[in-house]
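Quick notes on the structure that follows.
The values are calculated or read from the model by the stated rules, or taken from the named source; none is laboratory data. Note that the structure is a prediction, hence the values are computed from the model and not measured. So basically every Cβ, Gly included, is an ideal-geometry build from the backbone, and we count neighbours across all protein chains shown. For the accessible areas, the whole protein counts, side chains as well, though only heavy atoms, and no ligand, DNA or RNA atoms are used. Shrake-Rupley method; radii C 1.70, N 1.55, O 1.52, S 1.80 Å.
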Amino acid sequence: MKTILVVDDEQNIRFLYKEELEDDGYQVTVASNGEETFKILDKQIPDLIILDIKMPGMDGIEVMRKIKDEKGDIPIILCSAYGQYKQDFRVWASDAYVVKSADLRELKLTIKEIFNRPKVNGPGQNDPSNY
Amino acid sequence: MTESSLGLETLQEVTLIANSTLDLDETLEKIIQVIANKMHIDACAIYLVNESDGLLHLKAAKGLPEKARHINLQIGQGVTGWVAQHGTSLALSEAMQDPRFVYFPEIEEEKFNSMLSVPIPADCPTLGVINVHSIPRRMFSLEETRVLETIAGQVTGCLRNAIQFHQNQMTLKEIQILYDISLAVQSTLKLEHGLWIILSAITMGEAGGFNRAMLFTLGEKNQQLQGIMGLGPDSHEDAVRIWTELDKKKGNLLQWVINEAQRDLHRDSQFHNFVCGLNYSVIPNDNILSETVLQKKPFNITKAREHPLVSQEFADALGVDSFATVPLIAHEEVLGVILVDNRYDQKPITEENLRFLARFTVYASWVIENSRLFSKLLDTNRELLSMKEQLVQAERLSALGEMAAEVAHEIKNPLVSIGGFARRLKDKMADLSQKWGDNEDLKSAANYSDIISGEVERLERLLKNTLIYSKSGAIETEECQLNKLVEEVLYLFKAGLYEKNINLITSLEADLPLLNLDQQKIKQVLINLFYNALESLTLGGLLKVETFQEDYAQKQKMITVRVEDSGGGVPQEVFENIFNPFFTTKHTGTGLGLSICRKIIENHGGTIRVENQLGKGVTVYLHLPLQNSPDYYKN
């Protein structure tokens, strides 16, 4: 079973994503901020991370940079309420960018698409020297 | 009276005279009187070597006919000339019998039988000769010779004093002229007037005394020497006319120069127009003007046509064989060159002339530098002001947009939850109706959740459109060199940095790849950053600007501009608000402009980062992406 980590500071959104994605057959863990994210990552590396950009403290982009630098190339989907970060080149270091919506079809399609991408580096590898 | 008492008494009187006045002619007259009174003689004369013609001129006499006044003797000619040449005294009882004797009718020497002639001593042969004549034939005693020789020694002292005095007078006059010129220059802010005053001084008889002066300025960007002003007569006749006129203006130099400067008459002169048509590139070993710039030293050219750095063409155009060039230097930077010549009176240019000229060039350099700084300041201020206004405008708009975005954001997240759960609710209803079969209540509930998710969808669309509309600052990019933009903007700040005594260190990585940038907008950002740095550097300090390429998250390549100042940093509460568009520490204007800078950089797909070190300074990083966004990010 594929594992997904959802990081969002809004409790209801975490809840919504968890319910929806579990219904689709993924194993979902949640974190509400960067600190929690790294605590989880220290124990287990998921197959995919969904990261909200706008969070208090470390924002999603920073969390992503730290993950990519320290934990290796885990696939990451960045989310934000609007598309304003699309032009930010730092976001381009992610594997996908999805604008949040009550309609989760786009997010789900993106998840599938990422899992089906030909693997250059297997997801979940946590050795940065693989680059 | 004994001879020894004669000696003492005479010397005492001569010493008194020598110390009583600084006027040489007066001193000599008085010494003659003393000699005539104390010694038993009938005539007495003092000859001095004239500096310019090298002849012995009769300067003071008693007992000689009036016409003797005009007598000039060559060194070595006659008894007097012999004494001057050999520096040895001669006492002759039968003067006319001496083989060295040459008869001068002007002196009517036939009536004098005996003479005593002593040199006025100096290191170089002699300064002159003192003669005494006696009608009755007599032998001059050794004592008398010694007394006269001592008097001659006193005259040497007087002469030295007089020369010293004359030199002091000259220096005083020079200082006065320099002072007048500096006052005159300060009377005008116009570069052209200031320069005209200086060239006038260089060519004025009382001051520099050169016939003509030409001024070239060195282009800051193109390294070309451009003739900008020429002052001097157009022809020999013109020269005579001007010098006669100038003679009448003596004593009122300052006022005359100031008035004349306002009239701009020099522009009509042929010579001025000739100079304005001259233009030379600064190339080593090519021409004398370039060499003056490159070697930063004056040149005194005496044989122009034989000089390797003077072209035939240049010598012909000047029409002279001798001229001098002097560099204009301010802050170790050459601003231009002044060329002078004496075309009309052909006087050689002496080292003293050159020294005087060098002193004037200090003023010319000063005037040019002032004017450059002033106009640069005006230009820079104008440009900065308009940029600043644009920023303020953009900032106001962006502030509104930002607020709208903030509100929209706060609404969006709850909407996602509401809509998302409404959809889940509907799905659950569908599951239930499958389990329990059709049920009216379930149908109504499913309809309600449909309405909720439909309305949420409508709100989401509305918010999206609003945000697209309020998203300001579309950018028009083209490929360009970031370093060039940085240099262009820094150039605008050159005057400001200099004025505030700020040390600029730049380190721009060579051969950076080209970037797609909105040049105007990036310039605005840079101006804003430098402006903020300058504001913090009120007491001078360091501004460090760097560009370099680096990686981001080991995936992206980016180019970074790093701007570091040593302005002490900003207080923490200010730092926390620097990106807040409504926040400002200034009494006028809006915020620091950083919010709009961020917007611009973000529109380029870049990001801006600020580090604040209290007590040290602020460092701003602009990160600009090198590659375009991946396809899957394109809208």
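Per the conditions (1) touching a residue at least 12 places away in the same chain (Cβ under 8 Å); (2) closer than 27 Å to B:VAL407 by Cβ; (3) surrounded by fewer than 16 Cβ atoms within 10 Å (Cβ to Cβ); (4) within 11 Å of chain B (Cβ to nearest Cβ), the sole criterion not satisfied by A:GLU70 is (2). The single condition from (1) at positive phi; (2) in contact (Cβ under 8 Å) with a residue 24 or more places away in the chain that B:VAL561 fails is (1).
Please find, among B:LEU425, B:LEU442, B:LEU517, the residue that is touching a residue at least 40 places away in the same chain (Cβ under 8 Å) and surrounded by 12 or more Cβ atoms within 10 Å (Cβ to Cβ).
One residue alone meets the criteria, B:LEU517.
Per the listing B:GLU564, B:GLU509, the residue uniquely within 17 Å of B:LEU624 (Cα to Cα) and either open to solvent by less than 50 Å² (accessible area, probe 1.4 Å) or modelled with pLDDT of 90 or more (or both) is B:GLU509. Would you mind stating whether B:VAL34 is β-branched (Val, Ile, Thr) and either touching a Phe, Trp or Tyr at 6+ places or on another chain (Cβ under 8 Å) or under 21 Å from B:PRO125 (Cα atoms) (or both)? No: the conditions fail for B:VAL34. Can you say whether A:ILE49 is in contact (Cβ under 8 Å) with a residue 24 or more places away in the chain and either under 26 Å from B:ALA404 (Cβ atoms) or open to solvent by 10 Å² or more (accessible area, probe 1.4 Å) (or both), as far as the supplied structure shows? So A:ILE49 fails the test. Checked against (1) at pLDDT 85 or above; (2) in contact with a strand residue (DSSP E or B) (Cβ under 8 Å, 6 or more places away or on another chain), B:HIS266 meets all criteria but (1). Based on this model, can you work out whether B:GLY589 counts as among the small types (Gly, Ala, Ser) and either open to solvent by less than 20 Å² (accessible area, probe 1.4 Å) or modelled with pLDDT of 85 or more (or both)? No. Across segment A:92-102, the number of residues qualifying as at the interface with another protein chain (Cβ under 7 Å from one of its Cβ atoms) and out of contact with any Lys or Arg (no Cβ under 7 Å at 6 or more places or on another chain) comes to 3.
Scanning segment A:22-34 for residues that are under 22 Å from A:TYR85 (Cβ atoms) and either open to solvent by 40 Å² or more (accessible area, probe 1.4 Å) or not in a strand (DSSP E or B) (or both) yields A:VAL30, A:SER32, A:ASN33, A:GLY34.
Once segment A:103-112 is narrowed to residues that are more than 9 Å from chain B (Cβ to nearest Cβ) and open to solvent by 30 Å² or more (accessible area, probe 1.4 Å), the residue that is farthest from the chain's Cα centre (by Cα) is A:ARG105. Restricting to segment B:90-119, give me the number of residues that are under 60 Å from the mean Cα position of the chain (by Cα) and at pLDDT below 90. Residues meeting the conditions: 1.
Out of all the residues in segment A:73-89, which are more than 8 Å from chain B (Cβ to nearest Cβ) and either among the small types (Gly, Ala, Ser) or more than 12 Å from the chain's Cα centre (by Cα) (or both)? Across segment A:73-89, the qualifying residues are A:SER80, A:TYR85.
Every test in (1) open to solvent by 40 Å² or more (accessible area, probe 1.4 Å); (2) assigned to a loop (DSSP other than H, G, I, E, B) is passed by A:GLU62 save one, and that test is (2). Within the option set B:ILE451, B:ILE349, being among the β-branched types (Val, Ile, Thr), surrounded by 16 or more Cβ atoms within 10 Å (Cβ to Cβ) and out of contact with any Lys or Arg (no Cβ under 6 Å at 6 or more places or on another chain) holds for one residue only, B:ILE349. Taking the conditions (1) over 16 Å from B:GLY153 (Cα atoms); (2) touching a residue at least 40 places away in the same chain (Cβ under 8 Å); (3) buried (at least 18 other Cβ atoms within 10 Å of the Cβ) in turn, B:LEU73 satisfies each one other than (2). Report every pair of residues separated by at least 6 positions or lying on different chains whose Cβ atoms are under 9 Å apart, first residue within segment A:103-117 and more than 18 Å from A:SER80 (Cβ to Cβ), second open to solvent by 90 Å² or more (accessible area, probe 1.4 Å). Every condition considered, the pairs that remain are A:GLU113/B:TYR632. The C-beta contact set for segment B:308-329 (first residue over 22 Å from B:THR203 (Cβ atoms) and modelled with pLDDT under 90, second residue open to solvent by less than 20 Å² (accessible area, probe 1.4 Å) and β-branched (Val, Ile, Thr), distance under 8 angstrom, 6+ apart or interchain) comprises B:LEU309/B:ILE288.
The C-beta contact set for segment B:40-61 (first residue among the basic types (Lys, Arg), second residue buried (at least 18 other Cβ atoms within 10 Å of the Cβ), distance under 6 angstrom, 6+ apart or interchain) comprises B:LYS59/B:LEU28; B:LYS59/B:ILE46; B:LYS59/B:LEU48. Scan segment B:530-538 and give yes if some residue there is exposed (fewer than 13 other Cβ atoms within 10 Å of the Cβ) and either more than 14 Å from chain A (Cβ to nearest Cβ) or not in a helix (DSSP H, G or I) (or both), otherwise no. The answer is yes; a qualifying residue exists. With the structure loaded, tell me whether A:GLY57 is under 23 Å from B:SER417 (Cβ atoms), surrounded by 16 or more Cβ atoms within 10 Å (Cβ to Cβ) and either at pLDDT below 90 or more than 13 Å from the chain's Cα centre (by Cα) (or both) or whether it fails that test. When the stated conditions are applied, A:GLY57 does not pass them. Here B:ARG355 passes the criteria (1) assigned to a helix (DSSP H, G or I); (2) modelled with pLDDT of 80 or more; (3) open to solvent by less than 50 Å² (accessible area, probe 1.4 Å) except the one numbered (3).
For segment B:76-107, the set of residues classified as over 21 Å from B:THR145 (Cβ atoms) and assigned to a loop (DSSP other than H, G, I, E, B) consists of B:GLY76, B:GLN77, B:VAL102, B:TYR103, B:PHE104, listed by residue number. Reported count of residues in segment A:1-21, each being charged (D, E, K, R) and open to solvent by less than 50 Å² (accessible area, probe 1.4 Å), is 3.
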